[in-house]
Amino acid sequence: MMDEVARHYGDGQLLDRILDAVTAAGIDPQELTVHDLASVDEFHIGGRRATRHLVEGAGLGSSRRVLDVGSGVGGTARYLAAAGGHDVVGVDLTVEYVETAAALSRLVGLEGSVEFQVADVMALPFERGEFDAAVQLHVGMNIADKQAAFAEVGRVLVEGGVFALYDIMGRADTDLEFPLPWAGGAAGSHLATADQYVGALEAAGFRVERVTDRRDFARSFFGELRERSGPPPSLGLHLLMGEEAPTRYGNMVKAVEAGAVAPVEIVARRG
Ligand SMILES: C[S@@+](CC[C@H](N)C(=O)[O-])C[C@H]1O[C@@H](n2cnc3c(N)ncnc32)[C@H](O)[C@@H]1O
């Protein structure tokens, strides 16, 4: 499963593609900011707006050290460091994403407050209670055994530490059209309902504080993108999704619009 996930997301040329697009957008890579990268480095429905909604609602405020589970190319981690002053460690299975995340963080001058490691959430390379908080955005769809993953996140969190999740949820037997942004076929997709997430979190030792369906937000976000005129911007999530980007994105929009899946936030606390 680990190899399948890394093959799905990485193709070897991502940093070059992003830097070419940065230049095409008229931005000097040496002057790059966290804000400039927002349209390409938040690989989840609603981008930075969704991240802000999740972390502000979860009250990460005074957390010093935050774990970003499945950190992708590091957009959420950089946002947490830049806007919230947190020290963030991102872990991800996809080597290319981890390298790209580190390179982009150096370019925006955040290498002192974010770091990225290649690691599987099922076996985190950290000691018990090392983190004050954890976030996970659009990762659970790749994880078959969610209870085991949540137990591992719980192990590295302090007692009372908050875990803020934003995943695409739905029934495992939902009939989906592939490819999707998170999987090329059904074998790589592991959907669960919000109730199943809550059950897995509770069984892993978390107290669930809030479940928020973000379907309406997703629909209005897709609507805004549809109404945008002119050519698509050079900096966008298509850079992460490769040649199949329009199909993957289109299939996801259809599934959300049809009510088959929805992005959902869950805020839980350890212990
Ligand atoms: C759709 S991307 C989301 C990335 C990032 N959270 C964001 O929102 O921009 C899903 C990410 O989860 C990572 N991932 C999937 N399974 C994982 C696992 N078991 N452990 C660590 N990372 C994983 C993938 O490599 C990929 O980078």
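The values are calculated or read from the model by the stated rules, or taken from the named source; none is laboratory data. What you see is a predicted model, and the numbers here were worked out from it, not measured in a lab. With ideal geometry, Cβ positions are generated from the backbone for all residues, glycine too; neighbour counts draw on all protein chains shown.
Scoring G12 on the criteria (1) away from the ligand (no atom under 16 Å from the Cβ); (2) on the phi > 0 side of the Ramachandran plot leaves a single failure, condition (1).
Out of curiosity, is T33 within 15 Å of the ligand (Cβ to nearest atom) and either closer than 22 Å to L239 by Cα or part of a helix (DSSP H, G or I) (or both)? Walk me through it before giving the result.
Numbers: within 15 Å of the ligand (Cβ to nearest atom): no; either closer than 22 Å to L239 by Cα or part of a helix (DSSP H, G or I) (or both): yes.
Answer is no for this residue.
Here E159, E127 are screened, and the one residue that is assigned to a loop (DSSP other than H, G, I, E, B) and either aromatic (F, W, Y) or more than 9 Å from the ligand (Cβ to nearest atom) (or both) is E127. Would you confirm, using the coordinates I've provided, whether A50 is among the small types (G, A, S), in contact with a strand residue (DSSP E or B) (Cβ under 8 Å, 6 or more places away or on another chain) and either in contact (Cβ under 8 Å) with a residue 24 or more places away in the chain or within 21 Å of I143 (Cα to Cα) (or both)? Here the answer is yes, as A50 does meet what is asked.
Here is the figure for the range 181-208: residues that are within 13 Å of I168 (Cα to Cα), buried (at least 17 other Cβ atoms within 10 Å of the Cβ) and touching a strand residue (DSSP E or B) at 6+ places or on another chain (Cβ under 7 Å) total 5.
Select from the range 95-124 the residues that are of a type in the set (S, T, Y) and either touching a Leu at 6+ places or on another chain (Cβ under 6 Å) or farther than 12 Å from V73 by Cα (or both) and list them in ascending order. Listed by number, the residues that qualify are T100, S113.
Among V211, V264, which is surrounded by 19 or more Cβ atoms within 10 Å (Cβ to Cβ) and out of contact with any Ser or Thr (no Cβ under 6 Å at 6 or more places or on another chain)? Reasoning before the result, please.
Numbers: V211 fails: surrounded by 19 or more Cβ atoms within 10 Å (Cβ to Cβ).
One residue alone meets the criteria, V264.
On the stretch given as the range 199-214, residues that are β-branched (V, I, T) and either free of Cβ contacts under 8 Å to residues at least 60 places away in the same chain or touching a helix residue (DSSP H, G or I) at 6+ places or on another chain (Cβ under 7 Å) (or both) total 2.
Taking each residue of the range 68-81 that is assigned to a helix (DSSP H, G or I) and aromatic (F, W, Y) and looking for partners that are at pLDDT 95 or above and more than 7 Å from the ligand (Cβ to nearest atom) with beta-carbon atoms closer than 6 Å, six or more apart or interchain, yields Y79/T51.
With the condition kept exactly as written, say whether any residue in the range 56-74 is acidic (D, E) and more than 10 Å from the ligand (Cβ to nearest atom). Let's see the steps before the verdict.
Taking the range 56-74 as the starting set, the residues that turn out to be acidic (D, E) are 56, 68.
Then keep just the ones that are more than 10 Å from the ligand (Cβ to nearest atom); that gives 56.
There is at least one residue in the range 56-74 that is acidic (D, E) and more than 10 Å from the ligand (Cβ to nearest atom).
For R106, are the conditions met, namely being at pLDDT 95 or above and more than 15 Å from the ligand (Cβ to nearest atom)?
On the way: at pLDDT 95 or above: yes; more than 15 Å from the ligand (Cβ to nearest atom): yes.
In short, yes.
For D167, the test of being in contact with a Leu (Cβ under 8 Å, 6 or more places away or on another chain), of a type outside the set (K, R), more than 15 Å from the ligand (Cβ to nearest atom) and closer than 18 Å to A268 by Cα is failed. Scanning the range 21-34 for residues that are loosely packed, with under 13 Cβ neighbours inside 10 Å and either in contact (Cβ under 8 Å) with a residue 12 or more places away in the chain or under 21 Å from L225 (Cα atoms) (or both) yields A24, Q30.
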